[in-house]
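Visitor: Here it is, the structure in full.
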Amino acid sequence: MTDASAQTLLADLAPRDGRLSGALTITGLVLVTSAIAMALRVPEAALSCYLIFFAHRDNAGDSIFTAIKLTIAASLGIFLGVLLLRGVIEEPMLRLAALVGFTFLGMFLSQASKLGPLAGTAGFVFAFLLTLADVIPVPELMNRALEWMWVVLALPLGLMAFWAALAGKRPLHCAEERITARTRALADPQGASAQALLDEGMGPLDDYRKFARMLGEARGEDAARLAYRADDSFYQLALAEAGVFPQRSHAAPPPEPVPFLLPNAFTDPRHVRFALKVSLAVVITYAFYTAFGLFQIHTAMITCFYVALGTRGETHHRIALRFAGAVMGAVAGFATMLWLMPLVDDIGGLLLLLAVPTFVAAWIGLGGERISYAGWQLALCFFLVVLTGFGPPTGIGAAVSRVIGILFGSAVIMVVFAVVWPDSARDDALAAIDEMDTALATAPPPRSGRDIARLRAPLAQAMRLSEMARYERLADLSPQIAAAKARYHAFLRSTAHAAA
């Protein structure tokens, strides 16, 4: 690891606002979920605990509505899954066709619609339900398993919503914190904090304002003043970064409505290609472990859904994080199981064993994009090893099989994305720079923070993709990024007087 990489890693692991409280919240919810699951003998406690990592949000409004949406989606998914399985449970080829169809549709919508990762998760749920027919071929037992699956999903989501309503961080408070952070960043507009606040655009504050309005914290004139302050804080910081004396924003336009399907949903072939590539990887892994009777490594198929991203660089980065997290989680789980678990004889002792690894995983998971997925995987693999039933684990065979499945799935997805229609993060970064240049050539002088955020979005995307391009071992894009940023700053300087 180079000195620069080590410094970046330390920065990603450093404390930041809300990180400690978020990690403690996740840890507490995991412990309560584990205790209830063990006391009521709810199966698949590992999945319930992992779902908290997946669904956790940084404010009460988002947490509550995410829990509601996922619970409704799980209920509909399981209901439709029962109906679907009744028609295909005895027809292997129909099950395979349905598996491919749901995978393709979910992954296509994850790229081409505003649903994003939620669509991919829905596709995974349907696909995985179809594979259960291979190990639970009796319809009555399958229905019973799906009923318990609803409990497995609803339990952590209900607890998360309850805690968010009781003691979650208010979205209005989050909005005020973000505005204050932008104001403080004016003292060092070239610093890392200012850059992160500008790269995120207006999206996070738009979400906070939306949930504050939904919870009745900011409506009417209060909402209008908050909207203006949010826009103005971004406008001033963006101008300061470009070397322009900060000015007040001239307006606070509302967010543009996002259509369900992206404008290029059916014209950009990469959406269909991405869905086809993931479907191919899913079929390969499913066919392999089914043909050889190795359902224990079914995590191979799950891996295909959760490490596949738009470009090779992004996918390789996600695979590296999944591998690192899986290894750390497996090692922690095996050590706990072999040396500490024999000393535990009640639920209280189990919760003590879960606390520290869960907190570490949550701390990593609340980091930036560069490391967060490793925390998720650390938690998942640790839970899969330790929470295998309603008593102490009796062996490591199941846990080893699951880790092997993760490694196999990662290898399959890496090969598929490298061979079939390979998309380069470097090429996409250069395309984003071209998009920014086109926008700068035709844009009027920006009069609001949202105007500048719209112009900066392609540049932020190019910078993010340039980091992912390093995993493709291609030429560094730093000179092109620096030149693009200089053009963006020059545009703001040249138009600042006209906007005033």
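Visitor: Within the stretch 242-264, is there a residue that is acidic (Asp, Glu) and either assigned to a helix (DSSP H, G or I) or under 26 Å from ASP427 (Cα atoms) (or both)?
Guide: To start, the set of residues in the stretch 242-264 that are acidic (Asp, Glu) comprises 256.
If we keep only those that are either assigned to a helix (DSSP H, G or I) or under 26 Å from ASP427 (Cα atoms) (or both) as well, we get none.
For the stretch 242-264, residues acidic (Asp, Glu) and either assigned to a helix (DSSP H, G or I) or under 26 Å from ASP427 (Cα atoms) (or both): absent.
Visitor: LEU80 fails exactly one of the following numbered conditions: (1) out of contact with any Phe, Trp or Tyr (no Cβ under 7 Å at 6 or more places or on another chain); (2) of a type outside the set (Lys, Arg); (3) more than 15 Å from MET149 (Cβ to Cβ). What is the number of that condition?
Guide: Of the numbered conditions (1) out of contact with any Phe, Trp or Tyr (no Cβ under 7 Å at 6 or more places or on another chain); (2) of a type outside the set (Lys, Arg); (3) more than 15 Å from MET149 (Cβ to Cβ), the odd one out for LEU80 is (3).
Visitor: All but one of (1) within 22 Å of the chain's Cα centre (by Cα); (2) buried (at least 17 other Cβ atoms within 10 Å of the Cβ); (3) not assigned by TED's automatic domain parsing to the domain that holds PHE382 hold for LEU440; state the number of the condition that does not hold.
Guide: Status for LEU440: all satisfied but (1).
Let's see how each residue does on (1) among the hydrophobic types (A, V, I, L, M, F, W, C); (2) within 13 Å of ARG450 (Cα to Cα):
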| site | (1), (2) |
| --- | --- |
| GLY201 | no, yes |
| ALA212 | yes, no |
| GLY220 | no, no |
| SER233 | no, yes |
| ALA238 | yes, yes |
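Visitor: What are the pairs, 6+ residues apart or on separate chains, where a residue within the stretch 145-157 that is within 14 Å of ALA73 (Cα to Cα) has its Cβ under 9 Å from a residue that is at pLDDT below 85 and among the polar types (S, T, N, Q)?
Guide: Note: pairs meeting the criteria are TRP150/SER75; LEU153/SER75; ALA154/SER75.
Per-residue answers, yes or no, for (1) over 25 Å from ALA55 (Cβ atoms); (2) assigned to a helix (DSSP H, G or I); (3) free of Cβ contacts under 8 Å to residues at least 12 places away in the same chain:
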position	(1), (2), (3)
VAL100	yes, yes, no
MET107	no, yes, no
GLN111	no, yes, no
GLY120	no, yes, no
PHE126	no, yes, no
LEU129	no, yes, no
ALA133	yes, yes, no
ILE136	yes, no, yes
LEU141	yes, yes, yes
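Visitor: Looking at LEU96, is it modelled with pLDDT under 95, assigned by TED's automatic domain parsing to the domain that holds GLY293 and outside any helix (DSSP H, G or I)? Please lay out each step first, then the result.
Guide: Values: modelled with pLDDT under 95: yes; assigned by TED's automatic domain parsing to the domain that holds GLY293: yes; outside any helix (DSSP H, G or I): no.
When the stated conditions are applied, LEU96 does not pass them.
Visitor: I've got another one for you. Listed residues ALA218, ALA230, ALA175, ALA212; which is assigned to a loop (DSSP other than H, G, I, E, B) and not assigned by TED's automatic domain parsing to the domain that holds HIS298?
Guide: Details: ALA230 fails: assigned to a loop (DSSP other than H, G, I, E, B); ALA175 fails: assigned to a loop (DSSP other than H, G, I, E, B); ALA212 fails: assigned to a loop (DSSP other than H, G, I, E, B).
Sole residue among the options that is assigned to a loop (DSSP other than H, G, I, E, B) and not assigned by TED's automatic domain parsing to the domain that holds HIS298: ALA218.
Visitor: Out of ALA164, ALA196, which single residue is in the same structural domain as ILE26 (by TED's automatic domain parsing) and either part of a helix (DSSP H, G or I) or among the acidic types (Asp, Glu) (or both)? Before you say what the answer is, go through the steps one by one.
Guide: On the way: ALA196 fails: in the same structural domain as ILE26 (by TED's automatic domain parsing).
That would be ALA164, the only listed residue that is in the same structural domain as ILE26 (by TED's automatic domain parsing) and either part of a helix (DSSP H, G or I) or among the acidic types (Asp, Glu) (or both).
Yes or no, residue by residue, for (1) of a type outside the set (Gly, Ala, Ser); (2) assigned by TED's automatic domain parsing to the domain that holds GLY313:
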site: LEU366; (1), (2): yes, yes
site: TYR373; (1), (2): yes, yes
site: TRP376; (1), (2): yes, yes
site: PHE390; (1), (2): yes, yes
site: GLY405; (1), (2): no, yes
site: GLY409; (1), (2): no, yes
site: ILE413; (1), (2): yes, yes
site: ILE433; (1), (2): yes, no
site: ARG447; (1), (2): yes, no
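The values are calculated or read from the model by the stated rules, or taken from the named source; none is laboratory data. Here the structure is a predicted model, which means the values were calculated and not measured. As a convention, Cβ positions derive from the backbone with ideal geometry for all residues, glycine included, and neighbour counts pool all protein chains shown.
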